[in-house]
Amino acid sequence: MEIPAMIAGLTDAGERLARAAQRAGLGALVPSCPDWAVRDLLFHTGAVHRWAARYVGEGLEAPIREQRGGDPLRDADLRPADDELLEYFREGYTALASALKQAPDDVQCWTFLPAPSPLAFWARRQLHETTVHRIDTELAAGATTAIDPAVATDGIDELLTGFVVRRRGKLRSDNPRTLGVHTTDTDTHWHLTVSNEPVAAEHADKPADATVRGPAVEVYLALWNRLPLNKVDAGGDAELLTSWPQLVQVRWS
């Protein structure tokens, strides 16, 4: 995806999240985020948007160590009052989108996943941060809305080639095994090798011990743990598939 499309997707997801929060109510529990209510999700996402905007807008080249708000339960003392939360959230994603639009293409700042540029990294990361939490909020409200298959395909790629392969990732196996992922509508393939070393990922259509396939949106939601894997075409190595929700859990950084 191109950066302008990512920023537009972030803005759309932010507004859909806000509308879903209004429908659900701030006290509604978020089924895909145990122990969180909608007010916690609004605070968390609004804080993350402000955190991300600082890197791009200020050109910060080292991680912000004093950042608070990412853990909405630990940092509840900083949460705005309920009647201010929606405005707090909307101000956050609007300011982030503005920072991304105004930043020069060659802006230099801290990142934590491979990307063509820091600007591309932050646009992509916050597109999916916001889209996944938009789905969380819509689940709390009782009904989800559509995701663009191109966004879903890009989000699968970020997860598999960015997060899952990190050295600190928990997906490991003493006996090497492989996972194949295929989005049937956008016809994109990934092949993961899981061992006692960091996961190796490539874009390839190869035989695998376990497979996950289906429309891009369903695969996106399943791999990001917003839809049970048994709701997509998943088969093969049961141990690998069963371990996915426990071992692949993405934090905000």
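Since every read-out is calculated from the coordinates, none of them should be taken as a lab result. Note that the structure is predicted; figures quoted are calculated from it, not measured. Reconstructed Cβ throughout: ideal geometry from the backbone, glycine too, with neighbour counts over all protein chains shown.
Working note: Debye formula, equal point scatterers on the alpha-carbon atoms of the chain, no solvent; log10 I(q)/I(0) at q = 0.13 Å⁻¹ is -0.83.
When 189, 133 are sorted by how many other C-beta atoms sit within 10 angstrom of their C-beta, beginning with the fewest, the order is 189, 133. For residue 170, list the lysines whose Cα falls under 20 Å from its own Cα; do not include residues on the same chain fewer than 8 positions away. Partners found: none. With coordinates expressed along the principal axes, the C-alpha atoms belonging to the range 3-141 extend over 42, 31, 24 Å, beginning with the largest. For the chain, the 222 nm mean residue ellipticity estimated from helices alone, with every DSSP H stretch of n ≥ 4 adding -39500 (n - 2.57) and the total spread over all residues, rounds to -15500 deg cm²/dmol. D by Stokes-Einstein for the range 145-253, Kirkwood Rh over Cα pairs, 10 °C, 1.306 mPa s: 116 µm²/s.
Projecting label points 7 angstrom from Cα along Cα→Cβ for residue 98 and residue 5 puts them 2.7 nm apart.
When only alpha carbons of the range 63-204 are considered, Rg and Dmax amount to 18.0, 53 Å. Relative protection proxy for 54-63, 149-158, from highest mean packing down: 149-158, 54-63 (other beta-carbon atoms within 10 angstrom). Here the residues 49, 191, 44, ranked from fewest to most Cβ neighbours within 10 Å of their Cβ, fall in the order 191, 44, 49.
Separation of the range 161-234 from the range 40-119 is 28 Å, based on Cα centroids. What the Cβ-Cβ distance of residue 65 and residue 174 gives, at R0 = 41 Å and to the nearest 0.05, is a FRET efficiency of 0.70. Take the Cα of residue 74, go 7 Å toward its beta carbon, and the backbone nitrogen atoms of the range 212-253 under 20 Å from that spot belong to 247-253. Per-peptide packing, taken as the mean over residues of other Cβ atoms within 10 Å, places 210-216, 126-132 in the sequence 126-132, 210-216 from highest down.
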